[in-house]
Amino acid sequence: MPFDAIVVPGVPFDSAWSDVMRARVLWSYHLYKNGYTKNVIYSGSAVYTPFVEARIMALYAIELGIPKEHVFTEEKAEHSTENIYYSYYLAKDLGFNRIALTTDPFQSAMLKSFIKRKRLDVQVVPANFDTVKTIYSYVRISIDPTWAKVEQFTALPERETFWKRLRGTMGKNLKFNPEEISDSTMRYETVWIPITQ
C-alpha cells in the first residue's frame, strides 16, 4: 500500500443506494481518504435496473469527497467475475500496477479463486463493517441519478437464461484474452462525472 487503484464491484440501484452499495462505496471512500489507494474504479453495467451501477457509485463517491479525477468507471461488467476481470485490464491500461479488489467479505471470498485462476495480480481487501457503520453514522448525501440511467434497457434475466447467468457468475462467459482487453475496442476512458449542487 498504497494501491494505485482499488476495484469496487457494482450493485443494482433503483431509487436509493442499498445497504450493500452503501457499504462498498463508504469502504472505498475510507480507503481513499486514509491513503490506502490513489484511485478508485467502480465497476458495473445496467444489469437488473436501468441504472449503470458504476456511474451511480461514482456519483456517491464524488459527493463523499473523492476527487473526480481519481474516480474511474468500468461499465461493461454484468457479473462479479467480470467486475474484477474488466477492471483489472482497465487499471493496467491506465498505467496502474498495484491493484486491489475491495468489496464485502462474502464477495471477496467468492472472487479469490477466480482471481487466482485467471492469474490476476490483485490483492483482496474486504470491507470492515465496523468502520463502515462509523462512517455511515455521520454521512448524509444524495445524488441525481439521471446521468446514470440508460434508455432502451432490458434486464439481464430477460436477455440470458438462468444457466448462462450462472456461467457468467463463475466467469465462464468471458471471451477475451488479456491481449484483446487492451485492444482499442475495449478501452475505457475516465468518465467526468457531474457533481450534484
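The values are calculated or read from the model by the stated rules, or taken from the named source; none is laboratory data. Please read these numbers as outputs of a predicted model, since none were measured by experiment. Please note: Cβ atoms are built from the backbone with ideal geometry, for glycine as well, and neighbour counts cover all protein chains shown.
State yes or no: is Ala5 buried (at least 21 other Cβ atoms within 10 Å of the Cβ), closer than 21 Å to Phe114 by Cβ, touching an Asp or Glu at 6+ places or on another chain (Cβ under 8 Å) and modelled with pLDDT of 95 or more? Don't jump to the end; show me each part of the working.
On the way: buried (at least 21 other Cβ atoms within 10 Å of the Cβ): yes; closer than 21 Å to Phe114 by Cβ: yes; touching an Asp or Glu at 6+ places or on another chain (Cβ under 8 Å): no; modelled with pLDDT of 95 or more: yes.
No; evaluated as a whole, the condition is false for this residue.
When Arg24 is tested against (1) within 11 Å of the chain's Cα centre (by Cα); (2) part of a loop (DSSP other than H, G, I, E, B); (3) charged (D, E, K, R), exactly one condition is not met: (2).
Return the only residue of Ala54, Ala58, Ala100 being surrounded by fewer than 24 Cβ atoms within 10 Å (Cβ to Cβ), within 12 Å of the chain's Cα centre (by Cα) and not in a loop (DSSP other than H, G, I, E, B). Steps first, please.
Working: Ala54 fails: surrounded by fewer than 24 Cβ atoms within 10 Å (Cβ to Cβ); Ala58 fails: surrounded by fewer than 24 Cβ atoms within 10 Å (Cβ to Cβ).
Checking each option against the conditions leaves just Ala100.
In segment 130-141, the residues that are in contact (Cβ under 8 Å) with a residue 40 or more places away in the chain reach residues that are aromatic (Phe, Trp, Tyr) with C-beta atoms within less than 9 angstrom, at least six apart or across chains, in these pairs: Thr131/Trp27; Val132/Trp27; Ile135/Trp27; Ile135/Tyr29; Val139/Tyr29; Ile141/Tyr60. Tell me whether segment 66-82 contains one or more residues that are touching a Lys or Arg at 6+ places or on another chain (Cβ under 8 Å), within 26 Å of Phe162 (Cβ to Cβ) and in a helix (DSSP H, G or I). Yes, segment 66-82 has at least one match.
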